[in-house]
Amino acid sequence: MNIKKSNIAILFFITFAPFLFSQNRSLADLYPEKSKDSLNILFSEHGFIQTLEKSTQKPMFEPLLDTPLYFNNIIQQRKPSFVIESARIISLKNTVSLQNIFISLSRVRDLAGRTYKSSSRGKEVPLFETATRIESPRKPTPLEDPRNTIHDVIPSKQVFYILLKDINFGNSYYKIEMQTYDKGLMFILTNAKTLSYGIIPVIGEDRFISVLYIEPLKEGLLLYNQAGAQVNSIISSQVHMPSAIRKRLDVFIDWLVDGLGQ
């Protein structure tokens, strides 16, 4: 009798294990209308990336979430001069949970010293000399990053401010909103003060926004982002701002991935 019960238990496990342990969605669930061939680009080193500099151009990889999120509508509220869309799948060495992602995105100080390849300087240079949480843009008292653990329950929404000493824009103040959304995590970044190059204003207060959606899938970690900025016309005629913004977004993505230990 015990042997029969044991056999039944094993059969139950074999039958239902895929449903018990494969809770992550697949890429096809988020992109049901995309062919496998068109989705292959997401697995490349830099994934898919495009710059939309005309309002008639449309995003190509907005994921179909159970609770729809109209990324481009959110971005267009800032009346951006351009929109950068990127989508990428990161292969995972270890299992990643939303708690892992939340903790990684909470370590603001780890942004300091991260480098990018400067074409004008011809070498790798630190993009952000310092990075810290602050009480608010009006009261920039430095705050310690929280000591979250994997066992903590992540809040449904959290808002805080950071101060980055940017190699080009100097002291840059940002508002960060993190919230659980659908089966992933949203990371929304907006500038809480005007971004300036020396004495020249480049992007007005609240005129830059980046909306990043992160979800662990069966195939890996999905990173989908749209970012837009309304840029001073004088600056945009002298500097290709989409490239400047893209470099900063790349640093944020590397910061997240490194924080996950991947």
**Q.** Test: Leu189 is touching a helix residue (DSSP H, G or I) at 6+ places or on another chain (Cβ under 6 Å), under 21 Å from Phe71 (Cα atoms) and either without any contact (Cβ under 8 Å) to a residue 40 or more places away in the chain or not aromatic (Phe, Trp, Tyr) (or both)
**A.** no
Q) What pairs can you find where one residue is in the stretch 164-182 and under 15 Å from Ile209 (Cβ atoms), the other is surrounded by 18 or more Cβ atoms within 10 Å (Cβ to Cβ) and among the hydroxyl-bearing types (Ser, Thr, Tyr), and their Cβ atoms are less than 6 Å apart, with a gap of 6+ or different chains? A) Lys175/Tyr161
Q. Do we find that Pro59 is farther than 24 Å from Ser243 by Cβ and of a type outside the set (Gly, Ala, Ser) in this structure?
A. no
(Q) If the requirement is being part of a loop (DSSP other than H, G, I, E, B) and over 24 Å from Glu33 (Cα atoms), which of these qualifies: Lys93, Lys58? (A) Lys93
Q) For the stretch 41-54, how many residues are free of Cβ contacts under 8 Å to residues at least 40 places away in the same chain and surrounded by 12 or more Cβ atoms within 10 Å (Cβ to Cβ)? A) 3
Q: Quick one: in the stretch 55-93, of everything that is small (Gly, Ala, Ser) and open to solvent by 70 Å² or more (accessible area, probe 1.4 Å), which residue is nearest to Ile203 (Cα to Cα)?
A: Ser55
Q: Please find, among Arg121, Arg114, Arg109, the residue that is of a type in the set (Lys, Arg), open to solvent by 50 Å² or more (accessible area, probe 1.4 Å) and in contact with a helix residue (DSSP H, G or I) (Cβ under 7 Å, 6 or more places away or on another chain).
A: Arg114
Q | Residues satisfying the stated conditions in the stretch 220-247, i.e. open to solvent by 20 Å² or more (accessible area, probe 1.4 Å) and under 30 Å from Arg25 (Cβ atoms) | A | Arg246
Q. Which members of the stretch 216-241 meet the condition of being closer than 24 Å to Ser120 by Cβ and either among the acidic types (Asp, Glu) or in a strand (DSSP E or B) (or both)?
A. Ala227, Ala229, Val231
Q | Candidate set from the stretch 149-173 (those that are touching a Pro at 6+ places or on another chain (Cβ under 9 Å) and buried (at least 17 other Cβ atoms within 10 Å of the Cβ)); member that is farthest from Phe128 (Cα to Cα) | A | Tyr161
Q. Before we move on, is Ile103 farther than 17 Å from Arg246 by Cβ, among the β-branched types (Val, Ile, Thr) and either assigned to a loop (DSSP other than H, G, I, E, B) or touching a residue at least 60 places away in the same chain (Cβ under 8 Å) (or both)?
A. yes
Q. How many residues are within 26 Å of Gln179 (Cβ to Cβ) and either over 17 Å from the mean Cα position of the chain (by Cα) or of a type in the set (Gly, Ala, Ser) (or both) when one looks only at the stretch 35-59?
A. 3
Q: Among the residues of the stretch 182-200, count how many are touching an Asp or Glu at 6+ places or on another chain (Cβ under 9 Å) and open to solvent by less than 70 Å² (accessible area, probe 1.4 Å).
A: 12
Q: Filter the stretch 225-256 for residues that are touching a helix residue (DSSP H, G or I) at 6+ places or on another chain (Cβ under 8 Å) and closer than 30 Å to Asn100 by Cβ and give the result.
A: Asn225, Gln226, Ala227, Gly228, Ala229, Val251, Phe252, Trp255, Leu256
Q: Look at Asn73 and say whether it is free of Cβ contacts under 8 Å to residues at least 24 places away in the same chain and in a helix (DSSP H, G or I).
A: yes
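The values are calculated or read from the model by the stated rules, or taken from the named source; none is laboratory data. These figures come from a predicted structure and were not determined experimentally. A quick note on method: Cβ atoms are made from the backbone with ideal geometry, for glycine too, and the neighbour counts reach across all protein chains shown. Please note that ligands, DNA and RNA were not included when accessible areas were found on the heavy atoms of the full protein model with its side chains. Shrake-Rupley method; radii C 1.70, N 1.55, O 1.52, S 1.80 Å.
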